[in-house]
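The values are calculated or read from the model by the stated rules, or taken from the named source; none is laboratory data. Note that the structure is predicted; figures quoted are calculated from it, not measured. Cβ placement follows ideal geometry from the backbone for every residue including glycine, while neighbour counts extend to all protein chains displayed.
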């Protein structure tokens, strides 16, 4: 075999090995990239689906809010010529008798007074009920013609039915403060009780945890000071001395970068500094103050 032929064969094998090696590396690199892209595409599709669900939910809530606002705005209210606490209680009892209810309460007269010919009676209701029954009761107070003002409502979920978390199964304890009005003037007559009334919604649940979007926070790969885990030790008009998340002392000047943001203000008089975390979603400003105990 001639020298030229051996050289050609050697070069062919050499370049063949290089090409095969490159193809091998390219195949595995592309395979990893393909998997990463597939995972990224899956995540984006999930987020888009969630966004569409939220958008659809917002539209439904907006429609319901508009309908309820129209009902509340166009309601007709009236004040009776005179009314005793017993008659007010009878009126509330009429509301409860519209349908079976779990509402159970103590009814107390708090105070009675007159103002410019108008008699005001303040009442307190302490009780317990399924949340939807209390919700319907308040709905009827607001939408039936008799004007009774709701002053305040304190409410907390009870543990009667812990395993059932639907609105239909929730129980609450409540304290409801009311004021009933009457006026001994011409034109104020007995208020008729309305038989037909738009029913309240049955899916409202104030105890349902609100949707909180997942925050995507970039990793602190550069080891910058994390202000959420830092302590302010001392400061001058232009510098702040902090111990970071690792317990190391850092000296920061105005404009210096920290994890997710920058140092934007130093206030020696109040012994505080302010960080603008503009890379956090949503952005926020975080103050740090010198701890007097340190």
**Message:** Against the definition (assigned to a loop (DSSP other than H, G, I, E, B) and at pLDDT below 90), how does residue 225 come out, yes or no?
**Reply:** no
**Request:** Select from region 128-149 the residues that are in contact with a strand residue (DSSP E or B) (Cβ under 6 Å, 6 or more places away or on another chain) and either closer than 22 Å to residue 112 by Cα or modelled with pLDDT under 90 (or both) and list them in ascending order.
**Result:** 130, 131, 141, 145, 147, 148, 149
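Within region 47-68, is there a residue that is modelled with pLDDT under 90 and assigned to a strand (DSSP E or B)?
no
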**Item:** Candidate set: region 255-294, residues that are without any contact (Cβ under 8 Å) to a residue 12 or more places away in the chain and more than 29 Å from the chain's Cα centre (by Cα); chosen: the one surrounded by the most Cβ atoms within 10 Å (Cβ to Cβ)
**Value:** 256
**Prompt:** In this structure, is residue 79 in contact with a strand residue (DSSP E or B) (Cβ under 6 Å, 6 or more places away or on another chain) and modelled with pLDDT under 90?
**Reply:** yes
**Prompt:** Given (1) at pLDDT 90 or above; (2) loosely packed, with under 11 Cβ neighbours inside 10 Å, where does residue 195 come up short, assuming only one miss?
**Reply:** (1)
**Item:** Tally of residues being out of contact with any helix residue (DSSP H, G or I) (no Cβ under 7 Å at 6 or more places or on another chain) and not in a loop (DSSP other than H, G, I, E, B) across region 97-122
**Value:** 14
